[in-house]
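These notes concern the structure reproduced below.
Laboratory data are not the source of any read-out in this text; all were calculated from the coordinates shown. For clarity, every value in this text was computed on a predicted model and none was experimentally measured. Every residue, glycine among them, receives a Cβ derived from its backbone with ideal geometry; neighbour counts consider all protein chains shown.
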Amino acid sequence: MHDVKTARWWKEAVAYQIYPRSFMDSNGDGIGDLNGITQRLDYLQWLGINVIWICPMYRSPNDDNGYDISDYQDIMAEFGTMADFDRLLEAVHARGMRLILDLVVNHTSDEHPWFIESRTSAASEKRDWYIWRDGKNGAEPNNWESIFNGSAWKYDPQRAQYFLHLFSARQPDLNWENPQVRGAIYDMMRWWLDKGIDGFRIDAICHMKKEPGLTDLPNPNGQRYVPSFERHLNYPGLLDYVDEMCEQVLNRYDIMTVGEMNGASAEQGEEWVGEQRQRLNMIFQFEHVLLWESAHRLTPDRGLDVPGLKRIFTRWQTLLEGKGWNALYVENHDIPRVVSSWGDDRQFARESATAIAALYFLMQGTPFIYQGQELGMSNTQFASLDDFNDIAARNRAVALRQQGWSEERILAFLSRSGRDNSRTPMQWDDGKYAGFSDSTPWLPVNANYREINVARQQQQPDSVLNFYRTLIALRSRTPALIYGRYQLLLDEHPFIYAYSRTLAEEQWVVVCNLSGEPQIVDARELDLVDRQPVLGNCSPDGEPQLLRPYEARIYSR
Ligand code: TEU
Ligand code: CA
């Protein structure tokens, strides 16, 4: 059982993810920066945050907004200087909070000196630092498709060979088979940890091991390139790299680690985060995100698959009980805003944002909040395909056009699924540019910023923001909500997600209606007759047996 005996600071923490480009601009160039984050730490402290994860702030030509790093030990010029970083770290620590960084080591930028040297010739000292191959019959070495569309290979005239890039052509994959590469990365990691950072979120860790033969995929439909996940997603042997990284670096520090781990099932969760094994503290699993994606990719109007969510979350909760720790999240910078995907951002924006909050936040694990999620920020408006900034969206548009999709259909698809939705500037107040900047932001502010912003929601007792703040405070002071055992209740209900958390004699019950219709709940079955919720997202005069649309209640019993 998880209990106070296996207590760790990172289990008790609430984490907040910052996308620095869109959080706060301190110098009026329309781009968020490190000093902007420092200016807003009081807000995060007021909210009750303990750990801040910042997306990449390293030197980068920004082909993928910082996920293409050209110097791991320097700061992106637009974001500030290393002195600004040091001040930020100190200010975070001075408030009793911690700071974790994004570790992007599946690939670098093509402007990284390692790649520049590697590409010079097949005789270069760093020739094997990336994955180089000769072409085959005048074409790419194999038929793998990049995650960002097109071939996963690019021909380099200087080296007269192809290099592998699972993401954009400006993000060449490092060759993890090479011990020199691994050693250089471990040195860099130690350098940051010795500076005093408190851990890493490890980007795209699931893709680091490639099938050694780099063989073609079956191609029954005669596609030009074939999605290649089965050749590099959680590929056998990946954990050997993780073990070495833990042994050489991570296990030597009291830090928090969370791997971005698409492709792990709940059955495999223990291999990654089992406490006996001392690998990572947590992983961001993808199953709940992919559930929505697969259902909505082709049929946008399908409702939320509540039974599917119950199945996925409950498996992770029960299979890791007493064995390992979950990372809880419903948003990040790669997925659309949850109130627009799982919820209803029109009629029930406040109710659905808070119901989803209650649903995921009080499970067993460390909750992560993505900037703006705590306001119920929603997807944004795109008038044309030119409005997309994200490399993934722009490449996808090209690929879909080649498949014969109309512009309108592509626009509808990307408006619903595109990553720019979650990257619009943080909405601080109702001033010009939402208080994010005094000049035109790099990505337009969502038109709804006058209604949805921090300043306004701080004044409204029943705002999404105040609901999150209350949830955070409740979890932080309640060991049963941190360590307690999870159990699914009302298993068969198609729209109500209910669960309990139990620690010794103490028990909590979370009941959420995840639909826009009222739902009947059997209070006897839940043993809630005559009990008053400790917290709810609707007025307290409701019927005990009837949950209003997206009503969420939290009871102690
Ligand atoms: O995302 C990588 C990521 O989401 C993959 O691991 C996933 O398997 C794939 O997208 C499935 O569709 C990270 C960052 O979060 C993202 O912003 C970057 O663009 C990407 O890595 C490249 O660094
Ligand atoms: Ca700036």
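Worth a mention:
- Computed over the chain: relative contact order in percent, which uses C-alpha pairs under 8 Å that are six or more apart: 14
- Within the chain, percent of DSSP bridges classed antiparallel, to nearest 5: 60
- Amide H contacts under 5 Å for L99: I52, D198, restricted to partners 5 or more places along the chain or on a different chain, H placed in the peptide plane at 1.01 Å from N.
- Applied to the range 200-208, the Karplus parametrisation 6.51 cos²θ - 1.76 cosθ + 1.60 on θ = phi - 60° returns per-residue 3J(HN,Hα) values of 9, 9, 9, 5, 6, 4, 4, 9, 5 Hz, with x for Gly and Pro.
- Net charge contributed by nearby residues that have their C-beta within less than 14 Å of S539 (K/R +1, D/E -1): -2
- Separation of alpha-carbon centers, the range 407-426 and the range 232-267, rounded to whole Å: 31
- When only the Cβ of Lys, Arg, Asp and Glu is charged (+1, +1, -1, -1), the dipole of the range 132-259 relative to its Cα centre reaches about 400 debye.
- Dipole axis of the chain (+1 Lys, Arg; -1 Asp, Glu on Cβ), positive-most option in F148, A480, Q381: A480
- Of the residues A327, L443, I52, the one whose Cα sits farthest toward the positive end of the charge dipole of the chain, with +1 on the Cβ of Lys and Arg and -1 on the Cβ of Asp and Glu, is A327.
- 25 Å Cα-Cα reach of K209 towards lysines, excluding residues that sit fewer than 8 places from it in its own chain: K126, K136, K154
- Under-5 Å amide H pairs with F284, H placed in peptide plane, nonlocal only: G259, E260, M261
- Reach of K5 by Cα under 18 Å, taken over aspartates and glutamates that are not fewer than 8 positions away in the same chain: D254, E275, E321, E505, E506
- Table column - 3J(HN,Hα) (Hz), the range 159-173, Karplus curve with 6.51, -1.76, 1.60, x for Gly and Pro: 7, 6, 8, 9, 10, 8, 9, 5, 9, 6, 5, 9, 10, x, 6
- Principal-axis tilt of helix 306-320 within the chain, Cα atoms, nearest 10 degrees: 80
- Selection from A504, T424, Q223, by position along the positive dipole direction of the chain (Cβ): A504
- Averaging Cα coordinates gives a centre for the range 362-400 and one for the range 337-357; these two points are 15 Å apart.
- Counting neighbouring beta carbons within 10 Å and listing from fewest to most, the residues T440, T354 come out as T440, T354.
- Taking every C-alpha pair closer than 8 Å and separated by at least 6 residues, the mean separation divided by the residue count of the range 109-173 gives a relative contact order of 30 percent.
- Residues with amide H under 5 Å from that of H107, placed H, sequence gap 5 or more: L174
- Each residue of the range 416-433 is assigned a 3J(HN,Hα), and the resulting list reads 7, 10, x, 6, 4, 3, 9, 10, 5, x, 4, 9, 8, 7, 9, x, 4, 6 Hz, derived from the Karplus form 6.51 cos²θ - 1.76 cosθ + 1.60 (θ = phi - 60°), x at Gly and Pro.
- Basic side chains Lys and Arg get +1 at the Cβ, acidic Asp and Glu get -1 at the Cβ, and with that the dipole of the range 1-113 about its Cα centre reaches some 800 debye.
- Counting charges near R95 (Lys, Arg +1; Asp, Glu -1) among other residues having Cβ under 15 Å from its Cβ returns a value of 0.
- Ranked by how many other Cβ atoms sit within 10 Å of their own Cβ, fewest first, the residues H232, H296 fall in the order H296, H232.
- Using a simple spin-label model with pseudo-atoms 7 Å out from Cα toward Cβ, N27 and Q402 lie 4.0 nm apart.
- Span from the the range 478-555 Cα centroid across to the the range 157-175 one, whole angstrom: 51
- DSSP finds beta bridges in the range 1-124, and of those with both partners inside it, around 20 percent are antiparallel.
- Here the chain is treated with +1 on each Lys and Arg Cβ and -1 on each Asp and Glu Cβ, and its dipole about the Cα centre works out to around 320 debye.
- Stretchable slack from Q248 to Q460, in nm (0.36 nm times residue separation minus alpha-carbon distance): 71.4 nm
- Cα gyration tensor shape for the range 109-173, rounded if a/c is under 1.5, else prolate or oblate: oblate
- In the range 124-220, Cα pairs under 8 Å separated by at least six residues give a relative contact order of 25 percent.
- Which of W114, W129, W46 has the fewest Cβ neighbours within 10 Å, and the rest in rising order: W46, W114, W129
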